[in-house]
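Below is one structure; the comments refer to it alone.
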Amino acid sequence: MTEHFQRYRVGGAVRDRLLRESGYDLPAGDVDWVVVGATPESMVKAGYLPVGADFPVFLHPTTHEEHALARTERKTAAGYHGFQFYAAPDVTLEEDLKRRDLTVNAMAETDDGTVIDPYGGQQDLKHRTLRHVSNAFSEDPVRILRTARFAAKLPDFTVAPETLQLMRQMVGNGEADALVAERVWAEFKKGLKERRPDKMTDVLVACGLWERLFSDVVWNEAKREALLRAAEKRAPVAVRAVILFTNDGDTEAAVRERFAKLKTSADVMDLAVLLTRVKPLLLTADSLDKRAETLDKSAVLRRPARFVLGLLVMQCLKPAFDAKRWQKDAEKWGSVNAGAVAQAAVREGKKNEIAQRVRAAKMAALSAA
C-alpha cells in the first residue's frame, strides 16, 4: 500500500501522551489521525474504508483507527449543526488544528513522535490551563460543555479567564440556547465518569450555563461531597446523575419531568424516581411496618439491582447511612417462597388468603433475627 499523503496523530492521543510523560495518571485511549494532502479517492485507493457521514473519515485497513481528511469549517447557521465543512488536499495541518476547541487538543504528532503545536498547547499543558484556540470556539456551544468536561477530567487545570469570558458571552447572547438535550446528556455522561465530576458543574455555574439549563437544580457543597464519594466508590453514572440532578423535597412528577427533559436513559430516571419515592423512608423507617412499606415501595423483589444502586446513592449522600441493614432486610423479604405459600393455601381450600399469607410470611421473615 503506497500512501501519497501525510498523516498525523491528533487531539487527545497527543495531549494524554504528553500528560503521562509529566506524571499524569491517564490510560491510553483511541488514536485519531488527520490526513493532509489526500482526496477521498486516494484514501480508498490506498485501502482505507470510508465511514464518515458528515465529512470524510476513513478506517485504516489494518489498525482500523479513524483517519479524517484535514478540513476547515464555516459557520452557516445557529447552533452546533450549522457548519459547512471543506476537506481538500490544499487544507493544511495548521488550518485543521485551528478549528479545534482548546489548545491542549490542537496538537499533532508525526509517526516519529515529533509534536506539531502551532497554538501553544504544550505551554498550556505545562501551566495547567484550558484555553480556546480561536474565537471560532464561540460558534459551537457544545464546546462550553466539553471545556467543563475537561475540567472534570483534568482537575488541576483551570479555565483561562478569556475563555471563561467567551463562554459567558455565548450564554448571554443566546448561542448556548441551541444546545439539544441529547448532546447535553452525552457530555454529562462523560463528565460524570471523571475523577472530579464536581469540577464540570463548577465551570458551568461560573459561565452561567448551569443556571440557563438547570435553574431548578440546586448545586451546593453537600452535593459536591456526595459526588466525590461516588467517584471514590467508582459508582456508575446513574448514581452520580441522581446525586447531581435531584434535590431534597423534589416531587416525583418534577423528577420525571426533569430527567425526561434531559433525555437520560430509562434506568437513570427510574433510579431518580425510586430515591424520590423512598429516600425519607430509608432514613427514618424504624418499625417493622415502615421497613416493609419501604421494601414494597422500592419494588425490591422485582428490581433488586435498582434497589442496590439506590442504597449506594444514599451512602454517598449520607456517609453514616446503614446500607448493610437494608441489604439484609431486602434479603429477608426476598427469602419467602411465595409460590409455595400460595400452593399451600390452595391445597387447604383457602385461595382467597394467598395475598394475606404471603404478606404474613414476608413480615415474619423480616422480623426474624
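The values are calculated or read from the model by the stated rules, or taken from the named source; none is laboratory data. Source: prediction; values computed, not measured. Please note: Cβ atoms are built from the backbone with ideal geometry, for glycine as well, and neighbour counts cover all protein chains shown. Each accessible area value is taken on the protein alone, full model and side chains, heavy atoms only, with ligands, DNA and RNA left out. Shrake-Rupley method; radii C 1.70, N 1.55, O 1.52, S 1.80 Å.
What list of ³J(HN,Hα) values in whole Hz, one per residue of segment 127-139 in order, does the Karplus curve 6.51 cos²θ - 1.76 cosθ + 1.60 (θ = phi - 60°) give from phi, with Gly and Pro shown as x?
Rounded to whole hertz, the list is 8, 6, 10, 9, 10, 6, 6, 8, 5, 4, 3, 6, 7.
Just to confirm a number: summing +1 for Lys and Arg and -1 for Asp and Glu over residues other than residue 274 whose beta-carbon lies under 11 angstrom from that of residue 274, what do you get? Present the calculation step by step, with values, prior to reporting the outcome.
Numbers: positive: 277, 279, 297, 303, 306; negative: 252, 267, 270.
Net local charge, residue 274 excluded: +2.
Do any of 98/199; 190/332; 199/261; 98/223; 223/328 go past 29 Å between their Cα atoms, and which?
Result: 190/332; 98/223 exceed 29 Å.
What 222 nm value per residue comes from the helices of the chain, counting each DSSP H run with n ≥ 4 as -39,500 (n - 2.57) and dividing by all residues, nearest 500 deg cm²/dmol?
-15500 deg cm²/dmol
May I ask you to give the average projected area over all directions of the convex hull of the Cα atoms of segment 221-369, in nm² rounded to one decimal?
Over every viewing direction, the Cα hull of segment 221-369 projects on average to 10.1 nm².
Just to check I understand the Karplus step: with θ = phi - 60° and J = 6.51 cos²θ - 1.76 cosθ + 1.60, what whole-Hz values come out for segment 66-72, glycine and proline as x?
Going residue by residue, I get 6, 10, 9, 5, 4, 8, 10 Hz, with x marking Gly and Pro.
Using only Cα atoms and rounding to the nearest 10 degrees, what angle (0 to 90) does helix 161-172 make with the longest principal axis of the chain?
Roughly 70 degrees, rounded to the nearest 10.
Using only Cα atoms, find the angle between the long axis of helix 197-207 and the longest principal axis of the chain, and express it within 0 to 90 degrees, rounded to the nearest 10.
Tilt of helix 197-207: around 60 degrees.
Near the amide H of residue 32, under 5 Å away, which other amide H atoms are found, from residues 5 or more places off or on another chain, if H is placed in the peptide plane?
Those lying under 5 Å, H to H, from residue 32 are 10, 13.
Per residue, how much accessible area does the chain show when a 1.4 Å probe rolls over the protein heavy atoms, in square angstrom?
49 Å²
Would you grab the residues whose amide H sits under 5 Å from the one on residue 107? Only those 5+ places off in sequence or on another chain, please, with H modelled 1.01 Å from N.
Residues meeting the amide H criterion: 11.
From Cα pairs below 8 angstrom and at least 6 apart in sequence, can you work out the relative contact order of the chain, rounded to a whole percent?
Dividing the mean separation by the residue count of the chain yields 9 percent.
Among all the aspartates and glutamates, which ones have a C-alpha under 14 Å from residue 297's C-alpha, if same-chain residues fewer than 8 places away are not counted?
Qualifying aspartates and glutamates at Cα under 14 Å: 252, 270, 289, 329.
What is the magnitude of the charge dipole of the chain about its Cα centre, with +1 placed on the Cβ of each Lys and Arg, -1 on the Cβ of each Asp and Glu, and no other charges, expressed in debye to the nearest 20?
On the way: 57 positive and 52 negative charges, 416 e Å.
It works out to roughly 2000 debye.
Taking the Cα atoms only, what angle lies between the long axis of helix 323-334 and the longest principal axis of the chain, rounded to 10 degrees?
60 degrees
Sorted by mean Cβ packing within 10 Å, highest first, what order do the peptides 224-232, 191-199 take?
191-199, 224-232
Leaving ligands, DNA and RNA out of it, report the carbon-plus-sulfur percent of the accessible area of the chain at a 1.4 Å probe. Don't skip to the end; give the middle numbers.
Values: 9040 of 17950 Å².
Roughly 50 percent, rounded to a whole number.
Taking only the alpha carbons of segment 139-182, what extent do you get along each of the three principal axes, in Å, biggest first?
So the three principal-axis extents are 30, 25, 13 Å.
Can you tell me the dipole magnitude for segment 1-51 around its Cα centre, using point charges on the Cβ only (Lys, Arg +1; Asp, Glu -1), in Debye to the nearest 20?
100 debye
Can you tell me which of 308-318, 56-66 comes out highest on packing, and rank the rest after it, using the mean Cβ neighbours within 10 Å?
Peptide ranking by packing, descending: 308-318, 56-66.
Percent relative contact order of segment 156-217, based on C-alpha pairs within less than 8 angstrom and at least six residues apart?
Relative CO of segment 156-217 lands at 45 percent.
Starting at the first residue of segment 217-233, write each ³J(HN,Hα) from the Karplus equation 6.51 cos²θ - 1.76 cosθ + 1.60 with θ = phi - 60°, in whole Hz, x for Gly and Pro.
Per residue, the Karplus-derived 3J(HN,Hα) values read 10, 6, 10, 8, 5, 5, 5, 4, 4, 5, 5, 5, 5, 4, 5, 4, 7 Hz.
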